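Below is one structure, written out as structure tokens, with a few remarks after it.
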Amino acid sequence: MAITATKGQTGLTGNSAVAYAMKQINPDVCAAYPITPSTQIVEDFSGYVADGEVTTELITVESEHSAMSACIGAAAAGARVMTATSSQGLALMWEMLYIASGMRLPIVLANVNRALSSPINIHCDHSDSMGARDSGWVQLYSETVQEAYDNVFMAVRIAEHKDVLLPAMVCLDGFITSHAIENISLIEDQEVRQFIGSYNAKASLLDTDKAPTFGAMTLPDTYIEFKRQQSEAMTRAKGAAIEVMKDFGKRFGREYGLFETYRLEDAEAAIVVLNSAAGTTKVAVDALRKEGKKVGLLRPRLFRPFPWQEIAGALKGCKAITVLDRADSMNAFGGPVFSEVRSALYDLDPRPRVMNRIYGLGGRDYKVKDAVEVFNEALKAAETGRVETLVKYITL
Amino acid sequence: MVEKKEYPLGGVIPKGGTAHDYSTGGWRKLRPVVDLDKCTSCLICWVMCPDSAVVTEEGKMAGFDLEHCKGCGICAAECPDKVKAIKMVEEAE
Ligand code: SF4
Ligand code: SF4
């Protein structure tokens with residue numbers, strides 16, 4: 001597929017933009033099994049392979065478990081490795097996600113967020129990547145096609161950063177972002193190469209002189225040390241992410257941070273929400289600001305590691321905060337973003353009121369009026385200091 | 001206990017052959033004992049031992065590497081009927 005730019009802008013779907021980023025990265029190996037709504041990523045990329053536009057070894061496997069297993073094998077051999085999936089595909093990779101991170105293999109995965117069965121549903125929510133939040137992968141979330149495209153490059157740099165060496169996942173909303181055509185700015189191939197550099201693995205399975213072993217067993221006398229080592233790498237990933245995002249901004253003019261804030265500075269009530277729903281929320285913020293209501297938004301971009309101090313710092317002026325979760329932890333206590341944001345705010349004095357609203361599961365629309373309702377409820381809590389309902393489903 | 005800085009990243013064992021340095025013979029309940037007067041050095045036991053724990057010297061059966069022998073008894077069972085040079089004895093004895 002030939003991609004042409006008009007006035008520096010190119011109309012691409014989220015999937016095509018991610019596939020184009022992968023083409024520009026030209027990874028050594030890509031092992032993937034297409035699944036809705038991320039299918040087009042693998043479809044486009046296999047086109048690039050067939051047309052000789054990349055030198056990537058594309059491994060077409062029989063399942064996502066095999067896809068991640070092949071990625072792990074290739075990464076252990078020292079290759080730069082990428083893949084893409086969604087929903088059940090990510091779920092089938094589960095076992096191997098932990099192995100990739102435990103073995104410290106900087107694989108990059110594009111996850112197009114989709115609901116998990118059952119009931120079966122192909123549309124957007126975050127239950128897939130949220131379920132993988134404790135698997136030791138760095139997670140970057142994207143509001144727009146442009147951001148998803150940019151995040152892919154940043155994910156490569158963060159994952160391969162010498163202080164990190166952990167796999168990274170770029171998440172974008174199924175259909176809403178993956179299938180919407182947006183005008184985006186592409187980066188020149190040459191600039192991509194300069195930004196990501198080359199990857200030199202510390203050890204390679206193919207090194208027959210040293211003959212290293214990957215994935216050896218550890219017993220109670222060493223396992224915990226390896227987990228601490230991994231946990232410390234995840235802690236360092238925040239600094240690496242800041243460094244990479246800064247460099248990205250300097251080179252390409254698009255500034256990114258650990259999270260995005262929108263009209264938050266003097267806000268009394270705020271919404272915290274991931275991905276595309278932030279766009280809808282911003283429209284509601286503008287509308288309510290016109291009425292003189294002090295509302296704002298915080299959209300986490302880096303969810304793993306979770307930059308809790310910075311998030312608490314940004315939200316400390318708010319009196320009431322509603323965290324919107326597009327996934328339910330099924331713990332009878334709300335969604336995963338809520339649990340973490342609320343925990344991050346615990347040490348604040350005065351402590352803001354924090355509520356959770358579960359929205360948009362299985363692709364249910366989240367509209368400006370929904371955001372307005374959420375804000376009005378939060379403003380009421382800000383005024384009275386009382387939360388009427390801590391957790392509830394909206395957009396029903 | 002090894003210091004933290006010595007733990008290889010991601011549990012990668014950076015070189016080959018390290019299993020040799022790790023004693024696993026302690027799992028053994030039965031110990032093979034060879035009667036070298038009976039042994040013909042056919043080396044069937046050497047071929048069959050799943051732990052490469054049969055030791056040879058100059059192509060001849062020379063005993064066992066008890067740091068790695070698990071006491072499975074395969075060597076004793078595979079030693080030809082006419083010879084039966086290996087006996088398994090209780091480690092407890
Ligand atoms: S008992 Fe088993 S492990 Fe030990 S030497 Fe014989 S065959 Fe090998
Ligand atoms: S199988 Fe028996 S005879 Fe043959 S080398 Fe081993 S101990 Fe000796």
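The values are calculated or read from the model by the stated rules, or taken from the named source; none is laboratory data. Fair warning: this is a prediction, and the values are worked out from it, not measured in the lab. Heads up, the Cβs are rebuilt from the backbone with ideal geometry, glycines too, and the neighbour counts pull from every protein chain shown. Side chains are part of the model used for accessible areas, which takes the heavy atoms of the whole protein and leaves out ligands, DNA and RNA. Shrake-Rupley method; radii C 1.70, N 1.55, O 1.52, S 1.80 Å.
Just the number, please: carbon plus sulfur as a percent of the accessible area of segment B:28-90, 1.4 Å probe, no ligands or DNA/RNA counted.
53
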*At R0 = 35 Å, FRET efficiency that the Cβ-Cβ distance of A:Val61 and A:Lys392 yields, to 0.05*: 0.25
*Please give every one of the aspartates and glutamates within straight-line cross-link reach of A:Lys293, meaning a C-alpha to C-alpha distance under 15 Å, and leave out same-chain neighbours fewer than 8 residues apart.*
A:Glu265, A:Asp266, A:Glu268, A:Glu373, A:Glu377, A:Glu383
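For the protein assembly as shown, just say rounded, prolate or oblate: build the C-alpha gyration tensor, square-root its eigenvalues into a ≥ b ≥ c, call rounded for a/c under 1.5, and beyond that prolate if a/b exceeds b/c, oblate if not. Walk me through the numbers before you get to the answer.
Details: a/c = 2.77, a/b = 2.01, b/c = 1.38.
Prolate shape, in that a/c is at least 1.5 and a/b is the bigger ratio.
List the GluC sites (Glu not before Pro) in segment A:258-321 that DSSP assigns to loop (not H, G, I, E or B) and whose Cβ has at most 16 other Cβ atoms within 10 Å. Which are they?
Those satisfying the criteria are A:Glu265, A:Glu291.
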*Using a/c under 1.5 as the rounded threshold, could you call segment A:243-390 rounded, prolate or oblate? The axes a ≥ b ≥ c are square roots of the C-alpha gyration tensor eigenvalues, and prolate needs a/b larger than b/c, oblate otherwise.*
rounded
*Residue (of A:Thr218, A:Thr208, A:Ser329) at the positive-pole extreme of chain A, dipole from beta-carbon charges*: A:Ser329
*Return the FRET efficiency for the residue pair B:Cys42, A:Val49: r is the Cβ-Cβ distance, R0 is 45 Å, and the value is rounded to the nearest 0.05.*
0.25
*Keeping every protein chain in place, order A:Val152, A:Val49, B:Val33 by accessible area at 1.4 Å, biggest value first, i.e. largest first.*
B:Val33, A:Val49, A:Val152
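Of all beta bridges DSSP finds with both residues in the protein assembly as shown, what is the antiparallel percent, to the nearest 5?
On the way: 21 of 59 bridges.
Bridges in the protein assembly as shown are about 35 percent antiparallel.
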_chain A: DSSP helices with Cα axial extent of at least 27 Å and average Kyte-Doolittle hydropathy no lower than -1.0_ = A:223-252
*Using only the Cα atoms of segment B:28-90, build the gyration tensor, take square roots of its eigenvalues as a ≥ b ≥ c, and label the shape rounded, prolate or oblate: rounded if a/c is under 1.5, else prolate if a/b is larger than b/c, else oblate.*
oblate
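Per residue, how many Å² of accessible area does segment A:9-252 show with a 1.4 Å probe? Mind dumping the intermediate values first?
On the way: 9180 Å² over 244 residues.
Here the per-residue accessible area is 38 Å².
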*Computed FRET efficiency, Cβ-Cβ of A:Gln194 and A:Tyr98, R0 41 Å: what is it to the nearest 0.05?*
0.80
*Got a sec? Charge dipole of the protein assembly as shown, +1 on Cβ for Lys and Arg, -1 for Asp and Glu; which of B:Met61, A:Ala371, A:Ile181 is way out at the positive end?*
A:Ala371
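Could you compute how fast segment A:70-173 diffuses translationally, taking Rh as the Kirkwood radius over C-alpha pairs and applying Stokes-Einstein at 25 °C with viscosity 0.890 mPa s? Give it in µm² per second. If you can, show how the numbers build up before the last one.
Working: Rh = 13.6 Å.
Estimated diffusion coefficient is 181 µm²/s.
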*Pairs to check: A:Lys202/A:Lys250; A:Lys246/A:Lys367; A:Lys282/A:Lys380; A:Lys319/A:Lys367; A:Lys210/A:Lys238. Give those whose C-alpha atoms are more than 21 Å from each other in this structure.*
A:Lys202/A:Lys250; A:Lys246/A:Lys367; A:Lys319/A:Lys367; A:Lys210/A:Lys238
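Report the accessible surface area buried between chains A and B, summing both sides, using a 1.4 Å probe on protein heavy atoms only, in Å² rounded to the nearest 100. Display every interim value, and only then the final one.
On the way: alone 16930 and 6990 Å², together 22600 Å².
What A and B bury together is about 1300 Å².
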*Roughly speaking, to the nearest percent, how much of segment A:195-312's 1.4 Å accessible area is carbon and sulfur?*
54
